[in-house]
There are 2 protein chains.
Amino acid sequence: MKRATLRDIAQVLGVTVATVSRALKNYPDISSATKQTVLATAERLHYAPHPMAVKLRQQAYKVVGVVVPDIVHPFFSDVISGIVDVMEALGYHIILSQSNESYEKEIRVTQMLQATGVDGLLVCLSNETVSIDHLRALQEYDLPVVLFDKISPLLDASSVVTNDFQGAYDAVAHLLDQGYTRIAHIKGPPHPENTRQRFLGYQAALAAYGLPFRPEYVAECHTVTHEEGATFALRFMALPEPPQALFAVSDSVAIGAITALKEAGWRVPQDMAVIGFSDWSVCRMLEPSVSSVSQPGYDIGRRASELLLREIRQLREELPPEHSRVVLDATVQVRQSSLRPTAG
Amino acid sequence: MKRATLRDIAQVLGVTVATVSRALKNYPDISSATKQTVLATAERLHYAPHPMAVKLRQQAYKVVGVVVPDIVHPFFSDVISGIVDVMEALGYHIILSQSNESYEKEIRVTQMLQATGVDGLLVCLSNETVSIDHLRALQEYDLPVVLFDKISPLLDASSVVTNDFQGAYDAVAHLLDQGYTRIAHIKGPPHPENTRQRFLGYQAALAAYGLPFRPEYVAECHTVTHEEGATFALRFMALPEPPQALFAVSDSVAIGAITALKEAGWRVPQDMAVIGFSDWSVCRMLEPSVSSVSQPGYDIGRRASELLLREIRQLREELPPEHSRVVLDATVQVRQSSLRPTAG
DNA sequence: CTGAAAGCGCTAACAA
DNA sequence: TTGTTAGCGCTTTCAG
């Protein structure tokens, strides 16, 4: 079936397209008689406005682009879900792209998104991204960009991130508060700022509690896998004075460590307490259940969307777009793996 | 900065927009002299075609809509990833929506997608979906629809699904091949066809190996959570003649069961072998590592995309769209939890 | 080889 | 209250 146009309706009724257009969007000055007939025949012909014609006229697409490094990742699923919920409620749609952690691909997809027509962009930078000129180029064409999770201070744009420092600090403080004094950390690779902040939070918590930083209690991942978690757990166990507790940069590492500990006959948390980061849904399912720092992925998506929509609105009203930098707290989820058995 | 139009270029060079348009898409009849100057000034003015103007002319959007029940789900992440990879390679973009397993929302988002302008739709039906009239309506307007994962025989459309029956059959056969004869199943709720097929595969495997179907070895989930896995595992353990192996409808259920077994002092797989379904990434990280049936999510996304693109092409060429029904095999991933210790 | 002109479907200022 | 007209930016005949 061919879709009906304004002209089809106009011809049927012997009026002009302008009248039909006005009737359909109930303008003030329109006789209710013609309004009725127009609405009726529009209904009868299954009229629906041609999306592109409307968008061409209004110079607005009601679509925003979203770029994440990797769609297959629980954290980004949460973020995307938050974005979709906010956007859909306001009649916006999202176009999803992934950069596969490649700088070149990120440039390509952002340009493709601009070319396909979006009102704004929500971007999580890839780990490989070295320059943000491609995003600046978008801004030059009045395309607002909001960064989330992996951001760059070089770009003058709104951003929404997790407070990794605070999350890590709180996780370690939770261990310290229970009286642990020898706390190890398996840190991430040096590059992404996020995991570096977790390391800094770890150090800050130790310092705040007056404990020394012991380099032998720190290991650095390359792959951030459960295998590395296991390897480093074994290394810590072999120390002359092994740590009593472990803060891992991710849940995969924490789970790998717990597995290795148990296989070696150590009990968790009795012989070593463990806490991870990200709060994967399996943390709740394991035995012992795994403590973790929960990142507010859904809220990051919501907040970033709200900021972007605000900038889109401001731009349309020819106002100078305001930029905000939002930092959302992470929450420690205490479960069995980090709970010190009460003495006696 | 205001974006340049064809007219801007034309004015600068004192030619008409038609010439500029032709030069930019290097038409045969165009002097290489003007082509050069046009390309040069286009470059200089940072010309980029206005997306909506192009789409209005060509009556093609290069965008497809994707509807899933729930974005935050590892399986759908895989599917979406496959879709994005195929679509992006051909210059298509995807607009993502979720139905939240609500029939009403599914109707709403499919209509919104049509209204916003897409060339086709990839849809996984929600569990609540009772009628497919909303999809038939799309087809009436020459909007091709391809279903995946949760499909309906009522809609005359291409579809791509996992072979749940075969996956379940193979999982149970894997247990039977090792000599287990008492095999339990924790099945899903009756409604989604997918989990029902797993139950049928379980029964078929038992029958094929000449074993009786024992109702006391089957439990039915409502929530399909690890708690239910634990509950039913305990029930099975309490039987006068407990099963030796367990096939669970999902990994969450399998993990819950394993946890309960271990807490009760049963060893996995020595005292009860366990295999799940979906092959979550954590299966590999646990101790024992969890066997599972892996669903080809990424390939489902790829194949569905290819079918949809074919139908879009056929429709543009005024050919009758062909429909295909693709069923992709699931693969048993054997790990520790289901490996029978070799006697002796 | 290039220009003129029509038109994709819709909106909106201006007239009547 | 409705019609006329112009135009969003681009493509594509048809002339020249």
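Could you tell me which residue of the range A:61-84 is nearest to the other protein chains (Cβ to nearest Cβ), considering only residues that are assigned to a helix (DSSP H, G or I) and touching a Gly at 6+ places or on another chain (Cβ under 6 Å)?
Our first condition is that a residue be assigned to a helix (DSSP H, G or I); within the range A:61-84, this holds for A:74-84.
Keeping just the survivors that are touching a Gly at 6+ places or on another chain (Cβ under 6 Å) gives A:75, A:78-79, A:82-83.
Numbers: A:75: 10, A:78: 6, A:79: 10, A:82: 10, A:83: 9 Å.
Residue satisfying both the conditions and the ranking: A:78.
Screening the range B:92-115 for residues that are under 17 Å from residue A:96 (Cα atoms) and small (Gly, Ala, Ser) and picking the one that is nearest to the other protein chains (Cβ to nearest Cβ) gives B:97.
Taking residue A:15 as the residue in question, decide whether it is modelled with pLDDT of 90 or more, over 30 Å from residue B:100 (Cβ atoms) and not in a helix (DSSP H, G or I). Yes: the conditions hold for residue A:15. When residues in the range A:21-47 are screened for being more than 8 Å from DNA strand D (Cβ to nearest atom) and either over 30 Å from residue B:320 (Cα atoms) or of a type outside the set (S, T, N, Q) (or both), 15 of them pass. Within the range A:7-65, being among the small types (Gly, Ala, Ser) and at positive phi holds for one residue alone: A:14. The number of residues in the range A:16-36 being among the β-branched types (Val, Ile, Thr) and buried (at least 16 other Cβ atoms within 10 Å of the Cβ) comes to 2.
For the range B:85-98, a tally of residues being of a type outside the set (D, E, K, R), free of Cβ contacts under 8 Å to residues at least 60 places away in the same chain and either over 15 Å from residue A:95 (Cα atoms) or not in a strand (DSSP E or B) (or both) returns 2. Residue-level check: of (1) among the polar types (S, T, N, Q); (2) within 14 Å of DNA strand D (Cβ to nearest atom); (3) crowded, with 19+ Cβ neighbours inside 10 Å, residue B:99 misses just (2).
Helices (runs of 4 or more DSSP H) fully within the range B:99-199 that include at least 3 residues being more than 21 Å from residue B:321 (Cα to Cα): B:103-116, B:164-177.
Report, by residue number, each residue of the range A:26-60 that is among the hydrophobic types (A, V, I, L, M, F, W, C), within 8 Å of DNA strand C (Cβ to nearest atom) and in a helix (DSSP H, G or I). Reasoning before the result, please.
Quick first cut of the range A:26-60, residues among the hydrophobic types (A, V, I, L, M, F, W, C) only: A:30, A:33, A:38-40, A:42, A:45, A:48, A:52-54, A:56, A:60.
Subsequent filtering for residues that are within 8 Å of DNA strand C (Cβ to nearest atom) retains A:48, A:52-54, A:56.
A:52, A:53, A:54, A:56 - these are the residues of the range A:26-60 that are among the hydrophobic types (A, V, I, L, M, F, W, C), within 8 Å of DNA strand C (Cβ to nearest atom) and in a helix (DSSP H, G or I).
Does residue B:7 qualify as being near DNA strand D (Cβ under 9 Å from one of its atoms) and surrounded by fewer than 17 Cβ atoms within 10 Å (Cβ to Cβ)? Talk me through it step by step, then tell me what you get.
Numbers: near DNA strand D (Cβ under 9 Å from one of its atoms): yes; surrounded by fewer than 17 Cβ atoms within 10 Å (Cβ to Cβ): yes.
When the stated conditions are applied, residue B:7 passes them.
Select from the range B:288-319 the residues that are closer than 30 Å to residue B:271 by Cβ and crowded, with 24+ Cβ neighbours inside 10 Å and list them in ascending order.
Step one: filter the range B:288-319 for residues closer than 30 Å to residue B:271 by Cβ, giving B:288-295.
Of everything in the range B:288-319, those that are closer than 30 Å to residue B:271 by Cβ and crowded, with 24+ Cβ neighbours inside 10 Å turn out to be B:290, B:291, B:292, B:293, B:295.
Would the range A:21-37 turn up any residue that is within 14 Å of chain B (Cβ to nearest Cβ) and more than 22 Å from residue A:194 (Cβ to Cβ)? Within the range A:21-37, one or more residues are within 14 Å of chain B (Cβ to nearest Cβ) and more than 22 Å from residue A:194 (Cβ to Cβ).
From the list A:287, A:311, A:322, which residue is within 30 Å of residue A:81 (Cβ to Cβ) and out of contact with any helix residue (DSSP H, G or I) (no Cβ under 9 Å at 6 or more places or on another chain)?
On inspection, the qualifying residue turns out to be A:311.
The values are calculated or read from the model by the stated rules, or taken from the named source; none is laboratory data. This structure is a prediction, so every number in the text was calculated from the model and none was measured. Here the Cβ is made from the backbone with ideal geometry for all residues, glycine too, and neighbour counts use every protein chain on show.
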